[in-house]
Amino acid sequence: MRILATVLLAALAASLLGFGPEPTPTPQQEGSFSETRPAIRMISSSHDIQFAERIVFCMEAEADSSIEEVTFYYRLGGKNVLVFGYPDFERGQHVAAEFEVDTGVAGGFLPSGIDIEYHYVIVDAAGRRLETLPQRLEYLNPRFGWQRLSLENFVMLWHDRPRAEAAAVAEKVNARLANVKALLGLGPTKRMKAVILNNPIEAQRSFPRVSQTASDEHLFGGFAFSEYDLFVLMGLDEDGIVHEMTHLLLDEAMDSRLAKVPAWLNEGLATYFERIAQRRDREVDDAVRDGDLLPLRAMGTVPGKPDDVVLFYAQSRDLVRYLIDERGAEGMTAVIRGLSAGTKLEQAVQDAYGVSLGDLEDDWRVYIGAEPLPIADGSTSPSVLGNEPDEPIPQDVADGSAQPPARNSRGFGGAGVVAAVVVLAAIASAATFALRHTRRPR
Ligand SMILES: [Zn+2]
């Protein structure tokens, strides 16, 4: 499951945060050799991951005159946005300062596996300034002994599983991604990051809170954070990894900032590359029989109600499969190229297939044994079709909508995996990410 969302970066840390441009480079004093002692000296710097709650950064410094100002800077996931804040400390020639970054659902959620780079700028009473060398950390639950394996398309992190088992799955996925990249028209890409969790309890602590309903009724299966090129997945599930990687790669294929991929296409592609699909196929058959098919124009975002989402995913997959397998993969690649350049979907489809999106939808409906949609007269509204979409999400917080998908997953047996989306408030650098969650295992 994937949804566009923006992350409230401001919530990531204490209220004293701000955003700023890259600080002007200053001579690095720490770590450089000097015959005379530097006027400001970093004595120690460390961080403590209190997983799923916060990261505490501690530093000690001394100077020949009183230290008047300490600023803490950090950036997330290699992004350009630099966040800064002012730790509390007592001025003097020897200072100890502490700064906290919230990482849990209550403060500002950070996904497992995210890389954080940080440094300090220290200023003394004489106006001298020390900018410390950048330090890096990878935000992971320190209770576990994480292992990692780097492949062409992604690096996979896991714990408490035999390396051979993890490697076998990762290598199979890596091989399968060649088809994904070919369809998306992608050459070599940056390496994404996959963080594999082992059980629902661990997942609950590692995933953002989507909604009360989702928390009460579901456990998340995975979240993909396109902005950070990483995803977090519960279970070493081959199809699940392919699904999330497809989201990340599709995002990678979109060059234009104007590029917009409708949810049915995004989820349709991600599910197209899964191998276990019998359940979805049944859903479409049932909808054809019952006259319940959703009109494509109602599928730009994923419905909010889990029950609606099952059909949404099944239809998305089926339509994308029709477009690729029956109308030619070149057409889909051309559509993606068009979207990537910022072309609107209808035009990209017309350019690629030589027919309108509406005609393609009707062709698909006839192909699966359904009636073409009536000419647009309002009679095909979702409510008429018996699939009223969920309440719209207020525009100020939503770019997409909440959602759960269904997919068959080896790891969850027959239990449908349901995706959900969280939409957080927007700030300068919007993060797109995708979420999936699963019904509580029986
Ligand atoms: Zn998805």
Distance (nanometres) between label positions extended 7 Å along Cα→Cβ at V81 and A329: 3.7 nm
Potential extension, A341-D286 segment - 0.36 nm per residue separation minus Cα distance: 16.1 nm
Stretch gain in nm, segment R275-A164, where the contour uses 0.36 nm per residue and the Cα spacing is subtracted: 37.7 nm
Fully extended contour minus Cα-Cα distance, from E68 to R129, at 0.36 nm per residue: 20.9 nm
15 Å beta-carbon shell around D363, net charge (K/R +1, D/E -1): -4
Gyration tensor (alpha-carbon) shape descriptor, the range 111-193, a/c threshold 1.5: oblate
Ranked F89, F57, criterion: other C-beta atoms within 10 Å, fewest first: F89, F57
Cubic angstrom per residue, convex hull over Cα atoms of the range 37-196: 149 Å³
Residues S66, S340, S112, sorted so that the one with the fewest Cβ neighbours within 10 Å comes first: S66, S340, S112
Those chymotrypsin sites (Phe, Trp or Tyr not before Pro) in the range 121-179 that DSSP places in a loop and that have at most 16 other beta carbons within 10 Å: F144
Sorted by Cβ neighbour density within 10 Å, fewest at the top, the residues M332, M254: M254, M332
Centre separation in Å (Cα based) which lies between the range 284-361 and the range 137-177: 33 Å
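Just so you know, all these numbers are worked out from the coordinates, no wet-lab data involved. Predicted model, so just to flag it, every value in this text is computed and none were measured. So basically every Cβ, Gly included, is an ideal-geometry build from the backbone, and we count neighbours across all protein chains shown.
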